[in-house]
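A.B. asks: Structure in structure tokens, see below.
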Amino acid sequence: MTGKNRLNGGLIDRSTSFGFTFDGVRYSGCAGDTLASALLANGVRLMGRSFKYHRPRGPMTSGSEEPNAIVELRSGARKEPNTRATTAELFDGLVANSQNRWPSLKWDAMAINDLFSPFLTAGFYYKTFMWPKAFWEKLYEPIIRRAAGLGSLGHDPDPDSYDKGFLHCDLLIIGAGPAGLAAALTAGESGARVILADEDFVLGGRLIADTGMLADEDGAAWAAETVARLNSMPNVRVMSRSTVIGAFDHGIYGMVERVSDHLPEPAPGKPRQILWRVYSKRAILAGGATERPIVFENNDRPGIMLASAMRAYANRWAVSTGSAVAVFTNNDDGHRTAADLVSKGVKTTVIDTRPDAPDTADYETLAGASVTNTQGRLGLTAIEVTLSSGTTRSLTIDGLGVSGGWNPNVHLTCHQRGRPQWDEKLAAFIPGGTLPSGLSVAGAASGAFSTHAALQTGQAAAVQALGDLGVKSSTPDLPTAEDAPIRVTPFWHVAGAKRAWVDQQNDVTAKDIKLAHQENFRSVEHLKRYTTLGMATDQGKTSNIAGLAIMADVAGKQIPEVGTTIFRPPYTPVAMGVLAGRSRDKTFRPVRKTPSHYWAEEQGAVFVEVGMWMRAQWFPQPGETHWRQSVDREVLQTRKSVGVCDCTTLGKIDVQGTDAAEFLNKVYANGFAKLPVGKTRYGLMLREDGIAMDDGTAARLADDHFVVTTTTANAVPVYRHMEFVRQCLFPDMDVQLISTTEAWAQYAVAGPNSRKLLQKIVDPEFDISNDGFPFMACGEITVCGGLRARLFRISFSGELAFEIAVPTRYGDALMRRLMEEGKEFDVVPYGLEALGVMRIEKGHAAGNELNGTTTANNLGMGRMVSKAKDSIGSKLSERPGLNEADALKLVGLKPVNSDDKVVAGAHLMTKGTPVDAAHDQGYITSACFSPNLGCHIGLGYLKSGDTRIGEIVRLVSPLTGVDHEVEVVSAHFVDPEGERLRA
Amino acid sequence: MIINHPILGPRDAAEFVYKGDASLINRPDPQSDNAAERFYEYGYLRDNPAGLHRELWFHEQGDRSWLVVTRDTTTHEITKVELARDVARAEGRSR
């Protein structure tokens, strides 16, 4: 036997016994058990401590709506806090622990909070911990977090993998109870592509938890047969352990499949969970209904649960939840629990709030009575019942089932714009407003509570949905089912109850709701946030309606007048791991490697991420202990002889067509129409608002063929922008664009010996002498005996320099060849850092200068913006505000005392003025140590900077304590006349 | 969301990049008398309707078409999808 409270029957496999521990004590259960059912079978009712008051709690439900029985599962790296014991499938060796208690579940020191409860009411934190302000972060919050909390995380990385997947179907059916099964059967037989998803591990919904649902057969047996039939249909995918968590736009649903949660660890190659994105043409929500409790004094003791849960534990899991039991109900459904328990031999009494409660000889019914208090410190021992006569009677019982009626599970209908509407007859909210497009609702989720109604509405919804899609469906025979009328008399809370829990997960009491109303939090949304009602991980599935009812009561209103809050995804909590899927650690996002990456790795390069690219930052040589040594050497050697740098990451856009030049005239502020074939030109691109967007070069390879480069960071946005200009603004231009960034490996070869080096690899028929291939020339050539290549005589470093491009697959070979051939010149590879130093020394703008706030005027390129033609941004760049007399101008800055540093981000002040924003004169955009000048230098924007060359200004950075003098100089620190470029 | 691409059929919105109001197609004539004023309006003034909105989407992870999508901002219902180039021509941007 697996536990003293085990009954006969049930859907558990008694032949497979599972050993498990809870708080270190060993128990055994059966295959088919949940942790909660197995613990109850072993007589364990106390499973957790409440969030705020640390009240002893046991399971209130038998499903995913559970607010109380929240536990930690497993240990080590797989430790998983805040898991519902009511849905956790038992497996052999499961280790479970209670949480939010110290030192033990039975003796929890923080239960002292319960004694202080008069002070810990709604809004307590807001009122109490306001002062002194600084104490909140350092003192109050950490203490509160420790005292009121849930489980703790394991701190090791999750060893399991999580996947994401995509599914497509004609019809998604959410929930496999009677309505969902009837819908799936109907749609499946029509040949439509169907997905049937249910969160449970056994399909059937209430068919597997209740008795007497079908006239001629056992409900669970019919469910099993139907599932087997559906599984045999190739067009139907039946997915258990799969929770549809959200309804998104255009028939897209999110679904989490718990592939391996029921196993000690995932099978080899299998993920723990999968996040499915389901594309459906139509969907049917058949998510059933959730029973709701009645609120009364001390209604939270272990042993008190929903009447339907008691029934489910008895029927499905063969667990008795008490030796002597009572059911407290306001509707006929509570009597079904009593009947089922009596038939299992459990002594049962029914306390029915209705004076006209149905009477039966099978058990005692106390009509017009209510439960007014309960006893039992760690579990229910007795209840106090106030009879219709007004006298009280004590019942010695250890189980109390509560039924306050049923709430349709409308959650998914609210994920777009749906607003549930009140149904007077059911005394419940049913789906209302605009449902997600393509979604219909069937069965108890729509308020069709009887089994007959569920089957019929499920079938009808399928016929309708398929009809919408033009699929004709037959209507397979459905079993004859009970069709009991719904008889419920609203009864939400026992009058006068104070320490009566409405939201058991967030410890919100009836008193808190009254207090919130008294303090004028009267909108239902305010009530929710002030009291935290319904804001726990269960989203108030068992508590919201009672909370609204109590609020309506104190406000003297009806429930529909108070309104309801709506639900957001996810339907049940979702692990972060499955949202991340495979996007973690090194696969968080892809890495782009340059063609010379592996070669650079061999050289011991230090890499830096630039966007997604891995770029070599510098190449340390033996004996170099500081990065500056490497960078200084690379800069000096390049300027002295020759250096090579991989610049493949720059965006490359191929522009072709008879209107290519005219098109570039539109996207660049400066002119391109007259650029001769075989020449390259610097281009400045503006946004339409006149701010500089990007810069680069455009090389004209033919009349109708240009190659445009962009900065690394803007490769994607610039291409997007150019396509916008082409398609949306000038739709009839004959021009085509394609990104070729990854098609060409491109290297900068810079330094006085760069030509000599290239001459060793460029095939001899191509003349790259200064006359044959002057500054800014470009051309298609061949190298290394016939390999096609492109050569550009452009320079970012300020040296005689070329950029050479070959098809990417030859990139690695070309780098190795350049290094080999360059040995006689002591060639160096240089990294991103040396590249930056040399461009600052040369005064070339980069991303730091084109920072989204600066104009051509600021960059000192105002005259480049052609007035002779229209281009994007030219008009708005003329705005007066961008052209003030004291506009910022790009200048160079050099410390007066050569030991001082220039710091990027530091501000410039005129000498003798206060250091404040009103007197700010500009700021440093780029700074470095220049090995050629032997001091730090910087580029920056200074008001009227072009007229202030030679002035000494203050460089200040109050944040880092910098305050010294710098001289305003030309931005061209090296070779201002550009003689080297043209050499 | 799913965008029904006029050439490629239904595609997930994740393949697209959003730009904004399709009025950006109507770039003013820089030669017009009040060009400065019109460029200011073009650049900075947008309607922000609760309801039907014509907007530009770029099929960046697809065929790189710019599309004009007519979408209800309150329901995300998409009632029309056109190639932006066709719209631009229809709105007189042909030469």
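A.B. asks: Treat every Asp and Glu Cβ in the protein assembly as shown as -1 and every Lys and Arg Cβ as +1, leave all other atoms uncharged, and give the resulting dipole magnitude about the Cα centre to the nearest 20 debye.
C.D. replies: The calculated dipole for the protein assembly as shown is roughly 1140 debye.
A.B. asks: At A:E820 and A:V716, where each label point lies 7 Å from the Cα along Cα→Cβ, what is the point-to-point distance in nanometres?
C.D. replies: Here the answer is 3.7 nm between the modelled labels.
A.B. asks: Under the 0.36 nm per residue contour assumption, what length would be gained going from the current alpha-carbon distance of A:K4 and A:S944 to full extension?
C.D. replies: 329.4 nm
A.B. asks: Full-extension gain between A:T391 and A:E979, please, as 0.36 nm times their residue separation minus the C-alpha to C-alpha distance.
C.D. replies: Contour length minus Cα-Cα distance gives 200.8 nm.
A.B. asks: If we count other beta carbons within 10 Å of each Cβ, what is the order of A:D356, B:D12, fewest first?
C.D. replies: A:D356, B:D12
A.B. asks: May I ask which of A:K911/A:K943; A:K869/B:K19; A:K425/A:K498 have a Cα-Cα span longer than 18 Å here?
C.D. replies: A:K869/B:K19; A:K425/A:K498
A.B. asks: Could you run the Debye sum over the Cα atoms of region A:490-562, one equal point scatterer each and no solvent, and tell me log10 of I(q)/I(0) at q = 0.20, 0.21 Å⁻¹, two decimals?
C.D. replies: For region A:490-562 at q = 0.20, 0.21 Å⁻¹, log10 I(q)/I(0) is -0.74, -0.82.
A.B. asks: Further question on the same structure: Once R0 is set to 45 Å, what does the formula 1/(1 + (r/R0)^6) return for the Cβ-Cβ distance between A:K756 and B:D63, expressed as a FRET efficiency to the nearest 0.05?
C.D. replies: 0.45
A.B. asks: Do any trypsin sites (Lys or Arg not before Pro) in region A:74-111 lie in a loop, going by DSSP, with at most 14 other beta-carbon atoms within 10 Å of their beta carbon, and if so which?
C.D. replies: Qualifying residues, ordered by number: A:K106.
A.B. asks: Could you give the size of the charge dipole of region A:681-801 about its Cα centre, using +1 on the Cβ of each K and R and -1 on the Cβ of each D and E, expressed in debye and rounded to the nearest 20?
C.D. replies: 440 debye
A.B. asks: Apply 1/(1 + (r/R0)^6) to the Cβ-Cβ distance of A:A77 and A:N231, taking R0 = 41 Å, and write down the FRET efficiency to the nearest 0.05.
C.D. replies: Once rounded, the FRET efficiency stands at 0.75.
A.B. asks: Pairing the Cα long axis of helix A:544-555 with the longest principal axis of chain A, what angle in degrees results, from 0 to 90 and rounded to the nearest 10?
C.D. replies: On a 0 to 90 degree scale, this one is about 80.
A.B. asks: Along the Cα→Cβ direction, 7 angstrom out, place labels at A:R788 and A:S583. What is the inter-label distance in nm?
C.D. replies: Going from the A:R788 label point to the A:S583 one covers 3.8 nm.
A.B. asks: Let me make sure I get this right: for region A:884-969, a, b and c are the square roots of the gyration tensor eigenvalues over alpha carbons, sorted descending. Under 1.5 in a/c it's rounded, otherwise prolate if a/b > b/c, else oblate. Which is it?
C.D. replies: The shape class here is oblate.
A.B. asks: GNM, chain B, Cα, under 10 Å: largest mean-square fluctuation among B:E60, B:E41, B:E15?
C.D. replies: Sorting by GNM fluctuation, first place goes to B:E41.
A.B. asks: I need the P(r) histogram for region B:34-95: all alpha carbon pairs, bin width 5 Å from 0 out to the longest distance, whole percents.
C.D. replies: 4, 16, 16, 20, 24, 14, 5, 1
A.B. asks: Only sites in a loop by DSSP and with at most 16 other Cβ atoms within 10 Å count here; which trypsin sites (Lys or Arg not before Pro) in region A:668-711 make the cut?
C.D. replies: Those that pass, being in a loop and sparsely packed, are A:K674.
A.B. asks: While we're on this one: Considering only DSSP states other than H, G, I, E and B, which trypsin sites (Lys or Arg not before Pro) in region A:814-893 qualify as loop sites with at most 13 other Cβ atoms within 10 Å?
C.D. replies: The qualifying sites are A:K867.
A.B. asks: If you wrap a convex hull around the C-alpha atoms of region A:170-319 and split its volume per residue, what is the figure in Å³?
C.D. replies: That works out to 153 Å³ per residue.
A.B. asks: Can you give the Rg to Rh ratio for chain A, taking only C-alpha atoms and Rh from Kirkwood?
C.D. replies: 1.11
A.B. asks: Between 0 and 90 degrees, rounded to the nearest ten: what's the tilt of helix A:715-724 against the longest Cα principal axis of chain A?
C.D. replies: 90 degrees
A.B. asks: In degrees, nearest 10, range 0 to 90: what is the angle between the Cα axis of helix A:627-640 and the longest Cα principal axis of chain A?
C.D. replies: 30 degrees
A.B. asks: Based on the Cβ-Cβ distance from A:Y598 to A:F166, what FRET efficiency comes out when R0 is 41 Å, to the nearest 0.05?
C.D. replies: Approximately 0.75, to the nearest 0.05.
A.B. asks: For region A:293-404, rounded, prolate or oblate, judged on the Cα gyration tensor with a ≥ b ≥ c (square roots of eigenvalues), a/c < 1.5 rounded, else prolate if a/b > b/c?
C.D. replies: oblate
A.B. asks: Still on this structure, I have one more. Put a dot 7 Å past each Cα toward the Cβ at A:R879 and A:H262; how far apart are the dots in nm?
C.D. replies: 6.3 nm
A.B. asks: Related question: Order of A:E803, A:E688 from fewest to most other C-beta atoms within 10 Å?
C.D. replies: Taking fewest neighbouring Cβ atoms as first place, the list is A:E688, A:E803.
A.B. asks: Two-decimal Rg/Rh of region A:19-74 from alpha-carbon positions, Kirkwood Rh?
C.D. replies: Rounded to two decimals, Rg over Rh is 0.95.
A.B. asks: Please list, in order along region A:848-859, the HN-Hα scalar couplings obtained from phi with the Karplus expression 6.51 cos²θ - 1.76 cosθ + 1.60 (θ = phi - 60°), rounded to whole Hz, x for Gly and Pro.
C.D. replies: Residue by residue, region A:848-859 yields 4, 8, 8, 9, x, 10, 10, 10, 4, 4, 4, 6 Hz.
A.B. asks: Moving to a separate point now. For a quick check: sort A:M819, A:M551 by the number of other beta carbons within 10 angstrom, fewest at the front.
C.D. replies: A:M819, A:M551
A.B. asks: To make sure I understand the rule: partners must be lysines, Cα under 26 Å from the Cα of A:K138, and not fewer than 8 residues away in the same chain. Which ones qualify?
C.D. replies: Within reach: A:K52, A:K127.
Rule-based calculations on the coordinates, nothing more; no lab input. Note that the structure is a prediction, hence the values are computed from the model and not measured. As a convention, Cβ positions derive from the backbone with ideal geometry for all residues, glycine included, and neighbour counts pool all protein chains shown.
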